[in-house]
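The values are calculated or read from the model by the stated rules, or taken from the named source; none is laboratory data. Every value quoted in this text rests on a predicted model; they were computed, and no experiment measured them. Neighbour counts run over all protein chains shown; Cβ positions are idealised from the backbone, glycine included.
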Amino acid sequence: MLARIVLHVDLDCFYASVEKRDNPEYTGIPLVVGADPKGGAGRGVVLTASYEARKFGLHSGMPISRAYRACPQAIYIRPDFTKYLEASKQVMAILKHHSKNFQSGGLDEAYLDVSDICHDFNDAEQLATFIKTEIRETVGITCSIGIGPTKPIAKIATDVHKPDGITVVTPDTIEVELGHLDITAVSGIGKKTKQFYYDKGLNTILDAFNTPLPNLVFLIGPRAAKWLFNTVHGLDTSPVCEHRGRKSISKERTFSEDVSDYDAITTKLGDLNKKLHDAVREKGIFYKTVTLKIRFQGFETFDRSRSFTRAMQDEAKAFTAITAMLEPFKKETRKVRLVGIKLSGIEGQSNTIQKSILDFTTYTMD
């Protein structure tokens, strides 16, 4: 059984990075986004401290008055959430473009399950490099990416080479790559609970990794033991998915080898189109928009869409639109890595649609 491959993308000092992008003169200078320090008498907290400011002990959630006393020479800026939200939307659009298995973790982080589009962890690292470049060139900020067999391992890995880094952790390298980290690197073990684990001799991830499950049960109880054991051994099974409000269904295929034969590509799109329409007919779903997705060597990806005036459920009409959208790409000399189809602008009986969308988006293609 092949391991899952999950990417955790974390935007480096997000608010501060956006401010530095828009104000290059702040580069290399301690920068704090948060409340007005009022010369050390201000109320409120630090939202984000740049890496230069962190050298003075500043961090998110710190009282702004204490931050000012520790680093009065820093530049203090009030937050502009409209600007941050726009930058976040740009990043999330890039990530969604690369994988339909997407889950946001807030404005500044997200997960991608790329098991179905990456052949192995080396392939995933190439994708991560491409994503980092695309975010930097499009949005103007940097990110760090952790790659692992589960969401928790990928998240832990993200912090290993921050900022602007990539860390790959396979199922066989968890102990080596992450064992040295403090137990608080595990999401869910924070400042208030770490002493409990320290008192049990669980100071690092390696301590937890090397403790048999029965021993963990004795030390911290059955529920916490199972959670910690599964987390550090890469056995967590929580899926990468958006929880609510999905308004489209899609299916895509990564070829085992990149292809240039457009007859084979068209045939594969026909297969995907048929499977999608089998599903929408079964579930009573109608759609207004058909989107073609095509990814070339090097991970450059394009979407092309066609919308119709009325919601439909027409396999032949959709396929005609798909092949028409494919036609201009036949001039490309690069080989094709992945193709996909998305049906959106969903209409139908509300209860049926909500269930069918959620069910279908977890479907894994052969």
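From the list 106, 146, the one residue that fits, being within 30 Å of residue 235 (Cα to Cα) and assigned to a strand (DSSP E or B), is 146.
For region 279-310, the set of residues classified as more than 30 Å from residue 127 (Cβ to Cβ) and not hydroxyl-bearing (Ser, Thr, Tyr) consists of 281, 282, 283, 284, 285, 286, 288, 308, 310, listed by residue number. Return the residue satisfying two criteria in turn: it lies in region 93-147 and is of a type in the set (Lys, Arg) and modelled with pLDDT under 95, and of such residues it is farthest from residue 18 (Cα to Cα). So, considering only residues that are of a type in the set (Lys, Arg) and modelled with pLDDT under 95, the one farthest from residue 18 (Cα to Cα) is 100.
Screening the candidates 85, 11, 31 for the property of being surrounded by fewer than 21 Cβ atoms within 10 Å (Cβ to Cβ), of a type in the set (A, V, I, L, M, F, W, C) and within 28 Å of the chain's Cα centre (by Cα) yields one hit, 85. Working only within region 173-215, note down all residues that are outside any helix (DSSP H, G or I), exposed (fewer than 15 other Cβ atoms within 10 Å of the Cβ) and modelled with pLDDT under 95. Those that are outside any helix (DSSP H, G or I), exposed (fewer than 15 other Cβ atoms within 10 Å of the Cβ) and modelled with pLDDT under 95: 187, 188, 190, 191, 192, 193. Which condition number in (1) over 30 Å from the mean Cα position of the chain (by Cα); (2) among the aromatic types (Phe, Trp, Tyr); (3) assigned by TED's automatic domain parsing to the domain that holds residue 127 is the one that residue 56 fails? Condition not satisfied by residue 56: (3). Among the residues making up region 155-167, those that are surrounded by fewer than 20 Cβ atoms within 10 Å (Cβ to Cβ) and not basic (Lys, Arg) are 159, 160, 161, 163, 164, 165.
I'd like to check something: does region 152-164 contain any residue that is of a type outside the set (Gly, Ala, Ser) and over 27 Å from residue 13 (Cβ atoms)? Checked against the condition, which is being of a type outside the set (Gly, Ala, Ser) and over 27 Å from residue 13 (Cβ atoms), region 152-164 yields no hits at all. Which one of the conditions (1) at pLDDT 95 or above; (2) acidic (Asp, Glu); (3) surrounded by fewer than 16 Cβ atoms within 10 Å (Cβ to Cβ) does residue 36 fail to meet, given that it meets all the rest? Only one criterion in (1) at pLDDT 95 or above; (2) acidic (Asp, Glu); (3) surrounded by fewer than 16 Cβ atoms within 10 Å (Cβ to Cβ) is unmet by residue 36, namely (1).
Given the structure, is residue 95 buried (at least 18 other Cβ atoms within 10 Å of the Cβ), on the phi < 0 side of the Ramachandran plot and in contact with a Leu (Cβ under 8 Å, 6 or more places away or on another chain)? So residue 95 fits the description; yes.
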